[in-house]
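Chemist: My questions all concern the structure below.
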Amino acid sequence: MEAHKSYERFEQGHQIAGDGGGRLESHDGRNAAMVVGLMAALLAVAVFLSNEAVKEVITAETHRADASARLESDRVKVDVANGDSVLLRTLAAGDSQQRLAAIQANRHEARVAHELAPEDARLNAEIEDHQHEADHANAQHVDYELAAVSLQVGIVLASVSIIARRRWLLAAGGAVATAGVLLILAGLLV
């Protein structure tokens, strides 16, 4: 019982000697601890989203590189087909099989026009789409990383407010953590 009375006198002394509104009360410390827990949960969300955004960047860049390789292969096919067409037209100019060579040249040119050229356009569009995905995921990653930093700073300030018993530290921690939440939302909405 004496220990309890001593603690009450200690608390009363702090309240009398303190600066009044700037100090945390015992229930405020509990509330501050709850705020720290919430900030830690939001930090975990921000870190998870940041990691997912990095995975998306890597996947999009891989798909873009694959489409670029297919485009390059397609362009080689176009060059070879054009070369074949030139050779067949050259052969057609001085040989009795001129008509057959001209037909083959026309087939090669038709293949380039109807198969390979549209494939080039499709692959170029695919490459642009993957580049857009990578850029978008990279922007999200930056937002989530900044959110994680804001939440970490908020956690530190709120934790220190419990120890130092200062409301302004809790308010500052809450403000910084709010900026982190806004960054998470910006990343999700971009």
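Chemist: R167 passes all but one of (1) surrounded by fewer than 18 Cβ atoms within 10 Å (Cβ to Cβ); (2) over 22 Å from F48 (Cβ atoms); (3) free of Cβ contacts under 8 Å to residues at least 60 places away in the same chain; which number fails?
Modeler: Exception for R167: condition (3).
Chemist: Within the bounds of region 14-24, is there any residue that is surrounded by 11 or more Cβ atoms within 10 Å (Cβ to Cβ), touching a His at 6+ places or on another chain (Cβ under 9 Å) and modelled with pLDDT under 75?
Modeler: Scanning region 14-24, I find at least one residue that is surrounded by 11 or more Cβ atoms within 10 Å (Cβ to Cβ), touching a His at 6+ places or on another chain (Cβ under 9 Å) and modelled with pLDDT under 75, so the answer is yes.
Chemist: Oh, and also: Among residues belonging to region 138-158 that are open to solvent by 40 Å² or more (accessible area, probe 1.4 Å) and over 13 Å from the mean Cα position of the chain (by Cα), point out the one that is nearest to M39 (Cα to Cα).
Modeler: Applying the first criterion (open to solvent by 40 Å² or more (accessible area, probe 1.4 Å)) to region 138-158 yields 138-139, 141-142, 145-146, 149, 152-153, 156-157.
Applying the additional criterion that residues be over 13 Å from the mean Cα position of the chain (by Cα) yields 149, 152-153, 156-157.
Working: V149: 11, Q152: 8, V153: 10, V156: 10, L157: 11 Å.
The residue in question is Q152.
Chemist: Considering every residue within region 116-123, establish whether at least one is assigned to a helix (DSSP H, G or I), modelled with pLDDT of 75 or more and of a type in the set (K, R).
Modeler: Yes, region 116-123 contains a residue that is assigned to a helix (DSSP H, G or I), modelled with pLDDT of 75 or more and of a type in the set (K, R).
Chemist: Restricting to region 108-162, what's the tally of residues that are without any contact (Cβ under 8 Å) to a residue 40 or more places away in the chain, β-branched (V, I, T) and more than 18 Å from L43 (Cα to Cα)?
Modeler: Matching residues across region 108-162 total 1.
The values are calculated or read from the model by the stated rules, or taken from the named source; none is laboratory data. Just so it is clear, the structure is predicted and the values come from calculations on it, not from any experiment. Ideal geometry is used to build each Cβ from the backbone, glycine not excepted, and the neighbour counts take in all protein chains shown. Keep in mind that these areas ignore ligands, DNA and RNA; they rest on the heavy atoms of the full protein, side chains included. Shrake-Rupley method; radii C 1.70, N 1.55, O 1.52, S 1.80 Å.
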